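A short reminder: the numbers here are calculations on the coordinates, not readings from a lab. A quick note: this is a predicted structure, and the numbers were derived from the prediction, not measured. As a convention, Cβ positions derive from the backbone with ideal geometry for all residues, glycine included, and neighbour counts pool all protein chains shown.
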Amino acid sequence: MAALFPPWTNTATRIVLGALAVAIAGAIATPILYARTPFATGAGDPLLQPVWFDHRHHVRDDGVDCLYCHEDAERSPYAGVPATERCMGCHAQIWNDSSTLALVRDSAATGRPIRWQRVHSLPDFVYFDHSIHVNRGIGCVSCHGRVDEMAAVYQVHRLSMSWCLDCHRDPAPHLRPRDRITSMTWEAASPAELAELAAQYRPRSLTHCSTCHR
């Protein structure tokens, strides 16, 4: 009796099944890989703000400390942005007639807040507390990068769960003295110094889901 299907259909079936397996794997892997690319995370992409603010000038040239503007980082989950009055503390005397600062002057006069574009944004289901990290020896540069070298601030790291967990599994190498939290250039002089900091802060390796997902 003749075969129902010719021999070449065996090869065709294998090819089709292989193609389906590759397609299914690709459909699963593609969004996972895409979520880790700069296109999805926004890393490396400066955001245009309503007022041009050059961190290089303010931080590096004028020596303005991070906590002067983002003072809530020490005591709140949110670092916050400075009120317009904080800006006008300097700019009422410096560049007080500059067209670049027209929106700042308008905000100070009317009380309307400036709608800054948020650069570092975590999903709503992620809990992050700035004050815990700052008061436990994690410096601003660890997450935000060399802001003193940015004309327009951008996200340096991908801020993914795996990136956070890399630090949470072994936080000791990222520690620094409390008075060097805002330094952009501080580095530990030796492993012994890091060991002393670890003994001082006693960091915990928090990797349980409820640490960030509450």
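Measure nothing but the geometry: give the 0 to 90° angle between the long axis through the Cα atoms of 8-34 and the longest principal axis through the Cα atoms of the chain, rounded to 10°.
So the helix axis and the longest Cα principal axis differ by about 10 degrees.
Got the relative contact order for the chain handy, in percent, Cα pairs under 8 Å and 6 or more residues apart?
24 percent
So if I place +1 on the C-beta of Lys and Arg and -1 on the C-beta of Asp and Glu, and nothing else carries charge, what would the dipole magnitude of the stretch 1-103 be about its Cα centre? I want it in debye, nearest 20.
For the stretch 1-103, the charge dipole is close to 880 debye.
Gap in Å between the Cα centre of the stretch 62-107 and the Cα centre of the stretch 135-214?
With the stretch 135-214 and the stretch 62-107 each reduced to a Cα centre, they are spaced 25 Å.
What's the Cα-based Rg to Rh of the chain, Rh via Kirkwood?
Taking Rg over the Kirkwood Rh, I get 1.19.
Give me HIS91, HIS174 ranked fewest to most by other Cβ atoms within 10 Å of their Cβ, as a rough exposure proxy.
If I rank by nearby Cβ atoms, fewest first, I get HIS91, HIS174.
How would you rank THR9, THR185, going from fewest to most other Cβ atoms within 10 Å of each one's own Cβ?
If I rank by nearby Cβ atoms, fewest first, I get THR185, THR9.
With a sphere of radius 14 Å drawn around the Cβ of GLN49, what net charge do the other residues whose Cβ falls strictly inside it have (Lys, Arg +1; Asp, Glu -1)?
Result for the neighbourhood of GLN49: 0.
What order do you get for 70-76, 118-124 when each peptide is scored by the mean count of other beta carbon atoms within 10 Å, highest first?
70-76, 118-124
When you count, for each residue, the other Cβ atoms within 10 Å and take the mean per peptide, how do 78-89, 132-143, 200-211, 47-58 rank with the highest first?
The most tightly packed comes first, giving 132-143, 78-89, 47-58, 200-211.
Can you tell me the orientation of helix 191-201 relative to the chain, as the angle in degrees between its alpha-carbon axis and the longest Cα principal axis, to the nearest 10?
80 degrees
Calculate one ³J(HN,Hα) per residue across the stretch 69-76 by plugging θ = phi - 60° into the Karplus curve 6.51 cos²θ - 1.76 cosθ + 1.60, and present them in order as whole Hz with x for glycine and proline.
9, 10, 5, 6, 4, 7, 9, 9
Please report the net charge: other residues with Cβ closer than 14 Å to the Cβ of SER107, K and R +1, D and E -1.
Result for the neighbourhood of SER107: +2.
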